[in-house]
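Here's the structure we're looking at; comments come further down.
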Amino acid sequence: MTDRFILGVPLGRWQTNCWIVGDRGRGSAVVVDPGEHGAEQVPGLLERAGVRCEAILLTHGHLDHAWAVPELARSLETPVLLHADDRWLWDDPAAAFGAPPELLEQQFGLRWDPPDEYLRELRDGARLSFAGLRFDVRHNPGHTPGHVTYLGRELADTPVTFALGDAEVATEDVLFSGDLLFAGSIGRTDFPRGSTDDMWRSLTDTVLPLDDDTLVLCGHGTDTTVGHERATNPFLRQLPGVGSR
């Protein structure tokens with residue numbers, strides 16, 4: 001029986017999926033996209049799993065995915081990985097709404113104070129090793145300029161706990177897709193610095209080459225598989241060369 005685990009929890013008003021991926025035997029894990037209320041919930045989840053956080057992995061810089069990062073980075077004393085092209089959102093998340101910085105406190109009651117000393121720059125093609133796990137990084141602009149996905153490797157039969165999903169165990173490869181791909185949909189491109197053309201390229205280059213049985217753990221909503229999306233997702237079906245593998 002494996003000590004590895006994947007835990008998904010939807011957080012905050014936007015119900016952003018936060019993922020904790022770890023190994024109880026090693027006593028360590030990574031946290032992906034800790035959104036609103038993550039500062040309150042994530043430490044307890046880590047404690048109950050008996051693991052410490054080795055890194056916070058961000059798929060992109062939008063507030064609903066990064067809300068809890070400043071507090072967690074400081075309290076857990078852990079690095080935060082973000083692509084350089086989303087540094088503008090790290091510095092000022094309100095820019096995602098085309099709004100002034102004071103909007104965050106006025107509308108959301110959030111005083112944004114990013115801990116630059118914990119920030120680490122991600123690059124396309126990076127191979128990360130945390131908690132005895134391997135993640136391959138792909139740069140997928142479209143939703144934001146610096147959006148990335150993380151392809152977890154060698155995760156076959158890892159138990160998955162996620163109230164919104166159907167998967168009970170992971171496949172060999174698992175795509176943590178952020179807001180690139182959802183069950184039945186894709187990420188919006190109408191926010192500042194979004195690009196529909198980049199989104200099509202990102203889907204074509206990153207999602208379509210994956211095997212049909214690859215589990216997709218999305219930034220919002222339920223889990224899915226590449227094969228299911230290839231066959232049913234109306235956006236993927238518009239892409240050239242779509243067909244079952």
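Could you grab the relative contact order for the stretch 134-245? Cα pairs under 8 Å, six or more apart, rounded to a whole percent.
26 percent
Assuming 0.36 nm per residue, please report the length gained on full extension of the stretch residue 102 to residue 52 beyond their Cα-Cα distance.
Extra length available between residue 102 and residue 52 comes to 14.6 nm.
Give me D for the chain in µm² s⁻¹, whole number, from Stokes-Einstein with Rh from the Kirkwood sum over alpha-carbon pairs, 20 °C and 1.002 mPa s.
For the chosen part, D equals 120 µm²/s.
What residues qualify as long-range amide H neighbours of residue 122, i.e. H under 5 Å apart, gap of 5 or more or another chain, H built at 1.01 Å from N?
Amide H to amide H, under 5 Å and 5 or more residues apart or across chains, residue 122 pairs with 82, 83, 84.
What does the charge count near residue 144 come to, summing +1 for each Lys or Arg and -1 for each Asp or Glu among other residues with Cβ under 9 Å from its Cβ?
-2
Using θ = phi - 60° and the Karplus relation 6.51 cos²θ - 1.76 cosθ + 1.60, list the HN-Hα couplings for the stretch 22-31 in order, rounded to whole Hz, with x at every Gly or Pro.
Each residue of the stretch 22-31 in turn: x, 9, 5, x, 7, x, 9, 7, 10, 10 Hz.
Amide H to amide H under 5 Å from residue 16: which residues, 5+ apart in sequence or cross-chain, H placed 1.01 Å off N in plane?
So residue 16 has HN proximity to 11.
What relative contact order, as a whole-number percentage, does the stretch 10-71 give when Cα pairs under 8 Å and 6 or more residues apart are counted? Walk me through the numbers on the way to the answer.
On the way: 115 pairs, mean separation 22.6, N = 62.
Contact order relative to length: 36 percent.
Could you please state how large a percent of the accessible area of the chain is carbon and sulfur, counting protein chains only and using a 1.4 Å probe? Could you put the intermediate results ahead of the total?
Values: 4800 of 10550 Å².
With neighbouring chains kept in place, the figure for the chain is 46 percent.
How much solvent-accessible surface does residue 200 expose, in Å² to the nearest 10, with a 1.4 Å probe and all protein chains in place?
70 Å²
Taking the solvent-accessible surface of protein heavy atoms with a 1.4 Å probe, what is the per residue accessible area of the stretch 20-130 in Å²?
Working: 4960 Å² over 111 residues.
About 45 Å² of surface per residue is accessible.
Within the stretch 122-208, which trypsin sites (Lys or Arg not before Pro) sit in a loop by DSSP and count at most 15 neighbouring Cβ atoms inside 10 Å?
Numbers: sites: 123, 127, 134, 138, 153, 188, 193, 201; in loops: 123, 188, 193.
When the trypsin sites (Lys or Arg not before Pro) of the stretch 122-208 are filtered for loop state and at most 15 Cβ neighbours within 10 Å, 123, 188 remain.
Could you order the peptides 91-104, 225-238, 168-181 from most to least packed, using the average number of other C-beta atoms within 10 Å per residue?
The most tightly packed comes first, giving 168-181, 225-238, 91-104.
Rg over Rh of the stretch 175-217, using C-alpha atoms and the Kirkwood radius, what does it come to?
0.97
Need one number: the % of Cα-Cα pairs in the stretch 1-69 sitting beyond the 19 Å mark.
Value for the stretch 1-69 (Cα pairs over 19 Å): 26 percent.
Work out the P(r) tail for the stretch 88-221: percent of alpha carbon pairs separated by more than 27 Å, whole number.
That fraction is 29 percent.
The values are calculated or read from the model by the stated rules, or taken from the named source; none is laboratory data. Worth saying up front: this structure is predicted, and the values here are computed from it rather than measured. Note: ideal-geometry Cβ built from the backbone for every residue, glycine included; neighbour counts use all protein chains shown. Side chains included, ligands, DNA and RNA excluded: accessible areas come from the protein's heavy atoms. Shrake-Rupley method; radii C 1.70, N 1.55, O 1.52, S 1.80 Å.
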